[in-house]
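The values are calculated or read from the model by the stated rules, or taken from the named source; none is laboratory data. Keep in mind it's a predicted model, so treat the numbers as computed, not measured. Cβ placement follows ideal geometry from the backbone for every residue including glycine, while neighbour counts extend to all protein chains displayed.
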Amino acid sequence: MRRSALGFALVGVLSTLTHVCVATVLIEWLGARAPLANGVAFVVATLLSYVANTRWSFGARLGMATAGRFALVAGTAGLMSMGIAWLVERVGGHYALGIALVVVFVPAFSFVGHRSFTYR
């Protein structure tokens, strides 16, 4: 479990950097609007995350079954991120609190979800 947790964390950092780079290039160099750029960046980063986590973090094989389960967990994590941010905003909290809560809870949720569901 320790190797998969460390690998998951490193892949998470790589995926985040990929998202930032792709979005920035699309916005700054190609003139894309931010929502489109972030949507494309999310897809690219999620594909990278799927391949790297499947092969390296969890030592599994790429396939439609794991891809579907990965997408379900990733989508749920995305909704969870939005829900946390919405809730913090709704109660009048600073957006930074929402970000902090997302950073703490969403990766933990994702790791447990992938470990127990995606790569069971």
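For C21, work out the one condition from (1) exposed (fewer than 14 other Cβ atoms within 10 Å of the Cβ); (2) of a type outside the set (A, V, I, L, M); (3) under 18 Å from G113 (Cβ atoms) it doesn't fulfil.
(3)
Can you tell me which residue is surrounded by the fewest Cβ atoms within 10 Å (Cβ to Cβ) among those in region 51-71 that are part of a helix (DSSP H, G or I) and touching a residue at least 40 places away in the same chain (Cβ under 8 Å)? Can you show your working first?
Pass one, region 51-71, residues part of a helix (DSSP H, G or I): 51-57, 64-71.
Then keep just the ones that are touching a residue at least 40 places away in the same chain (Cβ under 8 Å); that gives 52-54, 56-57, 66, 69-70.
Values: A52: 19, N53: 26, T54: 21, W56: 15, S57: 23, T66: 19, R69: 17, F70: 26.
Only one residue fits best here, namely W56.
Determine which member of the set A23, A9, A45 is farther than 19 Å from R69 by Cβ, in contact with a helix residue (DSSP H, G or I) (Cβ under 7 Å, 6 or more places away or on another chain) and of a type in the set (A, V, I, L, M). Working first, answer last.
Numbers: A9 fails: in contact with a helix residue (DSSP H, G or I) (Cβ under 7 Å, 6 or more places away or on another chain); A45 fails: farther than 19 Å from R69 by Cβ.
One residue alone meets the criteria, A23.
Taking region 56-91, which residues are of a type in the set (D, E, K, R) and closer than 17 Å to T46 by Cβ?
Of everything in region 56-91, just one residue is of a type in the set (D, E, K, R) and closer than 17 Å to T46 by Cβ, namely R69.
For region 88-95, state whether one or more residues are surrounded by 14 or more Cβ atoms within 10 Å (Cβ to Cβ), closer than 16 Å to V106 by Cβ and at pLDDT below 95.
Looking through region 88-95, at least one residue is surrounded by 14 or more Cβ atoms within 10 Å (Cβ to Cβ), closer than 16 Å to V106 by Cβ and at pLDDT below 95.
Considering only region 26-38, state which residues are surrounded by fewer than 14 Cβ atoms within 10 Å (Cβ to Cβ) and assigned to a helix (DSSP H, G or I).
E28, W29, A34, P35, L36
All but one of (1) surrounded by 14 or more Cβ atoms within 10 Å (Cβ to Cβ); (2) under 12 Å from the mean Cα position of the chain (by Cα) hold for I84; state the number of the condition that does not hold.
Of (1) surrounded by 14 or more Cβ atoms within 10 Å (Cβ to Cβ); (2) under 12 Å from the mean Cα position of the chain (by Cα), only one is false for I84: (2).
Looking at (1) touching a helix residue (DSSP H, G or I) at 6+ places or on another chain (Cβ under 6 Å); (2) hydrophobic (A, V, I, L, M, F, W, C); (3) within 20 Å of S4 (Cβ to Cβ), which one does V104 not meet, given that it meets all the others?
Unmet condition: (1).
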